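Notes follow once the structure below has been shown.
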Amino acid sequence: MERIKREKLFVLLMKLSLAIFLLLTFSLFTSIFFKGISFLSFEMVFSKPSRGFYMGGGGGIFPSIIGSLVLASSSTAIAFLLSLPLSIFISLYSRSTFSNFVRNFVDLLWGIPSIVYGIFGFFIMIYLGLKASLLAGIITLSFVVFPLILRSLDELFQNVPFSLKEASLSLGLSKFQMAVKVFLKAIAPGMLSAILISFGRAIGDSASILFTAGFSDNFPISLFSPTSSLPLVVFYLYSSPDEEVSGRAYAASLILIAIAVFISIISRRIGKRIYGK
Amino acid sequence: MVNEHIEIRNFSVCYGKECALKNVSLKIPNNAITVILGPSGCGKSTLLKSLNRLIDEVEDVRVEGEIIVDGKNIYDKDVKLPELRKKMGLLLQKPQVLPFSIYKNVIFGPKLNGIKDKKKLREMAQKYLTMAHLWEEVKDRIYEPAHKLSIGQQQRLCLARGLAVEPEILLCDEPTSALDPLSSKKVEETLLELKKDYTIILVTHILRQAKRLGDFIAFFYLGELVEFAPAKEFFENPKDERTRAYIKGEIS
């Protein structure tokens, strides 16, 4: 009797947390949706901002959408290319004491707020003689997502069943061939979601690019000039006292969310397709 | 017992202070099934994994003694592991297919060995799937993913994949323990057919399986080789007290 009562209580608690979660998500989406939808227009999405855009003038935020896509995809690509060999090394080659040291260290990096990366990026930028630019933003953002993508890849490699290792090696594969020919295929779906999660993290991060990527109204045409980006557009728009302008911040957020949702749907689709094959 | 291309000499494997194998010496006859028999934790699997040096993948393992394969100690420094492992097919307890199609699983080894001709690869796939008694069941769907097969079929696929590397020795680590009776029977039949061409080492803890398949039995207990004899002699006239107890089912 006592046990049944307790179980009911716990189930109730679970349902309560579900309710809170649903309420939060629902109110987040609806408030942004309803506040932003009236400002969303073709012009808003697909045109360049006019000179007075941040004071209520016409135009849109197309360059920042492109800027954000370029920033997020390039930084994810760099972080991925950097973490793939390292994750193979720590999960298949090095001694576990060393691997665990690297893992702890990377977890530490992951805990550092992105504004600190921003400052560090700024420091490197000055050291290299760069101005605030697309390149500096990409480099800094890749620092931000590197721990995330490295640890996901590492987890994926570690979760490959030991028997797959035995089976591969017993066929006469070298360790490297095993990693490249068998393991990469085995972890492909997970790898894809790791890439997309990191892309999602990168596209939403504002603090790291605040000093480094700079701000501009133009499309990202050069690696060495500042670029526009969605999170900073949201920031600048929302800072405006003019309601007409701060409303646009919701529309920009809506676009940001739409990109994130789109990415997550695509990643699941592709993941399923690869897995089903 | 004329030819032995595997000879184990004073071989020990220790993890820290614990030794899984203690000073084992054993000659494994060619073209026969040698059963490594014993209760779990007696070092059977360790021995099997020492033969193709998968034991190297375990951290902090200490190996002493020699294993001579084709006249060479496989623990010598200049031994190339991929070459060594190609000599030995491995069948695991739970079948582990590669994350590819059935066809690609079988031709994985041959392709690795540089065979590129599509027609030849096709022929090889059919040959080895037939040898493993799987061809008839999968011939219409060899391009489907291997993980869609039943566990029993997967194990036979693993056997075909191993055979396609053209090894001389087959190492089987309780290969039927995860299978249904029908698949087990097929795997056992295949092993019996294969022994005329291969040296087979089969690890098992099932007495009846050892009786059905074994030509020679090596009985291990707590890391020691207790008794090694031709199967008939082993079961009818066991010499050691512990062997007798195990056969009677008193220790397990």
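The values are calculated or read from the model by the stated rules, or taken from the named source; none is laboratory data. None of these values were measured; they are calculated from a predicted model. Here the Cβ is made from the backbone with ideal geometry for all residues, glycine too, and neighbour counts use every protein chain on show.
Of the set (1) under 24 Å from B:I6 (Cβ atoms); (2) outside any strand (DSSP E or B); (3) within 14 Å of chain A (Cβ to nearest Cβ), all apply to B:K111 but (1). If we scan the range A:89-102, do we find a residue that is crowded, with 21+ Cβ neighbours inside 10 Å, in contact (Cβ under 8 Å) with a residue 60 or more places away in the chain and within 14 Å of chain B (Cβ to nearest Cβ)? Scanning the range A:89-102 turns up at least one residue that is crowded, with 21+ Cβ neighbours inside 10 Å, in contact (Cβ under 8 Å) with a residue 60 or more places away in the chain and within 14 Å of chain B (Cβ to nearest Cβ). For the range A:168-183, a residue qualifies if it is without any contact (Cβ under 8 Å) to a residue 40 or more places away in the chain and either among the charged types (D, E, K, R) or in contact with a strand residue (DSSP E or B) (Cβ under 6 Å, 6 or more places away or on another chain) (or both), and the qualifying residues are A:S170, A:K181. From the list B:K80, B:K49, B:K111, the lone residue that is crowded, with 22+ Cβ neighbours inside 10 Å and of a type in the set (K, R) is B:K49.
Let's see how each residue does on (1) crowded, with 20+ Cβ neighbours inside 10 Å; (2) within 15 Å of B:G38 (Cβ to Cβ); (3) hydroxyl-bearing (S, T, Y):
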| residue | (1), (2), (3) |
| --- | --- |
| B:A178 | no, no, no |
| B:S184 | no, no, yes |
| B:L207 | no, yes, no |
| B:G214 | yes, yes, no |
| B:I217 | yes, yes, no |
| B:E224 | no, yes, no |
| B:N237 | no, no, no |
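Quick check: anything in the range A:54-68 assigned to a helix (DSSP H, G or I) and either of a type in the set (D, E) or under 30 Å from A:V182 (Cβ atoms) (or both)? No, the conditions are met nowhere in the range A:54-68. Considered as a group, the residues in the range B:114-150 that are β-branched (V, I, T) and without any contact (Cβ under 8 Å) to a residue 12 or more places away in the chain include one that is farthest from the other protein chains (Cβ to nearest Cβ), and that residue is B:T130.
Restricting to strands (runs of 3 or more DSSP E) lying wholly in the range B:1-108: which have 3 or more residues that are away from every other protein chain (no Cβ under 14 Å)? Passing ranges, in order: B:6-15, B:18-28, B:33-37, B:61-69. The number of residues in the range A:221-235 that are over 19 Å from A:F122 (Cβ atoms) and surrounded by 16 or more Cβ atoms within 10 Å (Cβ to Cβ) comes to 3.
Taken together, B:A160, B:A178 contain a single residue that is over 27 Å from B:K120 (Cα atoms) and either under 16 Å from the mean Cα position of the chain (by Cα) or at pLDDT 95 or above (or both), which is B:A178. Consider the range A:145-185 and keep the residues that are among the hydroxyl-bearing types (S, T, Y) and touching a helix residue (DSSP H, G or I) at 6+ places or on another chain (Cβ under 8 Å). The one that is farthest from the other protein chains (Cβ to nearest Cβ) is A:S152. One residue alone among B:R85, B:R62 is without any contact (Cβ under 8 Å) to a residue 60 or more places away in the chain, in contact with a Leu (Cβ under 7 Å, 6 or more places away or on another chain) and basic (K, R), and that residue is B:R85.
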